[in-house]
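A.B. asks: Submitted below is the structure of interest, expressed as C-alpha cells.
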Amino acid sequence: MLRRADAHGLPRGDATTTGRGTLAETVGAADRVVWDDTNRWYPALLAAGGRVERAYDLRLSRAILRRSALTAGTPFATRPPGEWDALGAAPAGPDPTLPARPDALFELGGATPRGQVAPSDLDPLPELADQLAALAGATGPDAPGRLRLLVAGESAGALVAAEMHHAGLPWRADVHDEILAGVLGPRPRPGERPARMEELARTIRAAIDAPPTLNPDSHPDLLKALQYAGVGTRSLRKGDLERLDHPVVEPLLEYKRLQRLLTANGWTWLDTWVRDGRFRTEYVVGGVVTGRWSSSGGGALQLPRQVRRAVVADPGWKLVVADAAQLEPRVLAGLASDERMADAGRGVDLYAGIVASGAVASREHAKVGMLGAMYGGTTGDSALVLPRLARAFPDAIALVERAARAGERGESVTTRLGRSSPGPGEAWHAAQTGAYAAEGADGAEGADASARARAQTRAWGRFTRNFVVQGTAAEWALCWLASIRRRLWELGTGDVAGAAAEPLARRAHLVFFLHDEVVVHAPESLVDDVAAVVAAAAEEAGRLLFGDFPVDFPLSVAVVDDYAQAK
DNA sequence: AAATTTCGCGCG
DNA sequence: AAAGCGCGCGAAATTT
C-alpha cells in the first residue's frame, strides 16, 4: 500500500493499493513517496524506467526515531516493540540487468525470513502519522527541524543507494584481469596456487627449513614452523612480522599480500560480482550504528587501491571523484562551535592549519593527535600531543571528552541531527556490578574482574566518544549525497549516446560512495558542471548541519578516466 | 556435514 | 595483556 503525500509529508488523497507492476504509473505524478522500505519498491521502479523525487522511508526513519534522545519523551519511543520493529530490510533487487545474487536467500515475493514481518501486512498510514507526531514532539534545540532533516537525509540516502545499485560501478574485467596476471601470474586452474605464490611458498619453506607439506595458509602450522625455526613471533600479523629480522619475513609478507589480493579481489571475485561491465553491491543505509553505510556483497567499501584501475569510465564519459578533506575533525569543530579549530581548517589542509596555529610542531603530530582525540588513543605520539591540542582547541577536545565520560557512565550520546547511540548492553552492566561486588573481595580474581570491568568501561567511552563525530560526519555525508543527487538531476542530460527510456543513461549519476567520498559517472560534456555540483553540495551540507557557524568543508575533486588516477 | 569462531587485512 | 573508532569478507580451525 502506498500513499500520496504533499511537500510537508502530510497525506494527500486516498491510500493507493498497488502491485509493483503498476508502481511506475502510480507514483509517476507524485512529488514525494512514503513507503515501508525503499528497497522493497524502488529497484523495480528504477528497472521500469521510473524515478522518485523524494521519499520517506518508514523503516529507516522508525529506527532513528525509536532511539533518538530527542524523541525519548514521546509515546512513539516508549511503546513496546511492535511489528514495524521486526521489519527486516528487503534485499536490494532483483535487478533485471543482473542475475540473482549467488547467495540470495530469497527473492521478492518469496518467503519472508524467519522472525521478520512481511511489509505488505503492515499499514503505512498509522505508522506515518505516529512518526510525524514523534517528530513534532521532539524536544531540544532545533529539535523537530534537526530530526526532520535527519530522516529526510536517511530516506534520500536510501534512494541514492538503490540508484547506485541500479547503475552499478563501471568495471573493466579485462583491466582487472591484467592487474591480477601482472602480480600473480596467469589465472591458475581451480584448486591450484598462482605461479608466483607457489614460488613464494617454496622460498618460505626453504627459509625456515620446513617440509614441502607446509601450507602457508594454515595459521597454526605456519606459526609452529616459524617458532621451530627460531623466528620469534607469536602472531602472523603484518605489523608483527615487519618488526622481525629474518630472511623468511620478506617472502612471507609478499605471499600474504598476494594471498589477500587473490582471495578478496581475485578472479573468483570478478566472476561473482562483475556482470556486463558493472560491479553491483548492496549498500546498507544505516548499516552501522553510527549512521554510516555498510555494504553487502563484494566488499565494496574495501576496494583495495590496487584494483581501482579497473574502475573505468565508459567511452565519452568521465569519473568525477570527490572526497571531503579531513571531514571528521571539521565536523568536530562544527559540533563544538570551536572557532579556533574552524580557523585552522580555513584552508584545504586542516592539519597544516593546526601546525600554523602553533599548537603542534608537525602535520603528522596534528593528524595522529586529532585521530587520537576522536578515537580515544592513550598511547604513543597521539597521547603525547593531546594536551597541546586541548590547550589550543579547548572546545573541540572538551566535546569528545564529555562524550567519552557519558559512555563510561553507560549513558547514550547523540549526533548533531539526533541519532542516538545504543546502550552498552547487559553484559557491560553485569561486568560493572560484578566488579563492584568483587572490589570488596580479596584475591586475584576480584582484582581481575574489576580490571576487566574498567577496561570495558573505557572501551564504551571510546565508542561514544567516536560516535558523536563519526555519526555527525555520516549526517554531513547524507546531506551531501542528497544535495548532489538533486543537483545532478537538475543538470539534465549530457551530450552523449544512451537509451532515452533509461533515466540515468544520459545523465551524470552517482556510482560510488565511501563515507566521505563520492564517484560520479558523467558525460564528458558535463564534467565541469558536476565538479561545481559536488562543491556546492558540500557547502550546502555544512550549512544544513551547522548553520552560520563558519566551518569549511573543502573537497579534493578529480576528473579522471579511472578511479586509481584520483589519488 | 554444517554452523560458528578465529585470525587477519582491506577501506574510511 | 591490552592496545585508538567503525565495518565486510575469506580461509582454516573449531565446535556442534
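A.B. asks: Would region A:290-304 turn up any residue that is surrounded by fewer than 16 Cβ atoms within 10 Å (Cβ to Cβ) and either in contact with a Leu (Cβ under 8 Å, 6 or more places away or on another chain) or within 30 Å of A:Asp528 (Cβ to Cβ) (or both)?
C.D. replies: Within region A:290-304, one or more residues are surrounded by fewer than 16 Cβ atoms within 10 Å (Cβ to Cβ) and either in contact with a Leu (Cβ under 8 Å, 6 or more places away or on another chain) or within 30 Å of A:Asp528 (Cβ to Cβ) (or both).
A.B. asks: Please go through region A:500-513 and give me each residue that is more than 15 Å from A:Ala162 (Cα to Cα) and touching a helix residue (DSSP H, G or I) at 6+ places or on another chain (Cβ under 6 Å), ordered by number.
C.D. replies: If the condition is that a residue be more than 15 Å from A:Ala162 (Cα to Cα) and touching a helix residue (DSSP H, G or I) at 6+ places or on another chain (Cβ under 6 Å), then A:Ala508 is the only one that fits.
A.B. asks: Do the conditions hold for A:Gln302, that is, is it more than 9 Å from DNA strand C (Cβ to nearest atom), of a type in the set (S, T, N, Q) and either modelled with pLDDT under 95 or out of contact with any Asp or Glu (no Cβ under 9 Å at 6 or more places or on another chain) (or both)?
C.D. replies: no
A.B. asks: So, in region A:216-236, how many residues would count as being charged (D, E, K, R), within 21 Å of A:Arg260 (Cα to Cα) and either away from DNA strand B (no atom under 11 Å from the Cβ) or outside the structural domain of A:Glu192 (by TED's automatic domain parsing) (or both)?
C.D. replies: Of the residues in that region, 1 qualify.
A.B. asks: Same structure, new question: Select the helices (runs of 4 or more DSSP H) contained entirely in region A:204-294, then report the ones holding at least 2 residues which are under 30 Å from A:Ala477 (Cβ atoms).
C.D. replies: Here the list reads A:238-242, A:249-265, A:267-273.
A.B. asks: Looking only at region A:362-384, how many residues end up being more than 16 Å from DNA strand B (Cβ to nearest atom) and either of a type outside the set (Gly, Ala, Ser) or at pLDDT 95 or above (or both)?
C.D. replies: Final tally of qualifying residues: 10.
A.B. asks: Consider region A:309-331. How many of its residues are within 13 Å of DNA strand B (Cβ to nearest atom) and surrounded by fewer than 18 Cβ atoms within 10 Å (Cβ to Cβ)?
C.D. replies: 1
A.B. asks: Among the candidates A:His515, A:His521, which residue alone is outside any helix (DSSP H, G or I) and on the phi > 0 side of the Ramachandran plot?
C.D. replies: Being outside any helix (DSSP H, G or I) and on the phi > 0 side of the Ramachandran plot holds for just one of A:His515, A:His521, which is A:His515.
A.B. asks: With respect to A:Arg280, determine if the residue is away from DNA strand B (no atom under 13 Å from the Cβ), at negative phi and either modelled with pLDDT under 95 or among the basic types (Lys, Arg) (or both).
C.D. replies: Here the answer is yes, as A:Arg280 does meet what is asked.
The values are calculated or read from the model by the stated rules, or taken from the named source; none is laboratory data. Note that this is a predicted model, so its numbers are computed, not measured. Using ideal geometry, Cβ is built from the backbone for each residue, glycine included, and neighbour counts are taken over all protein chains shown.
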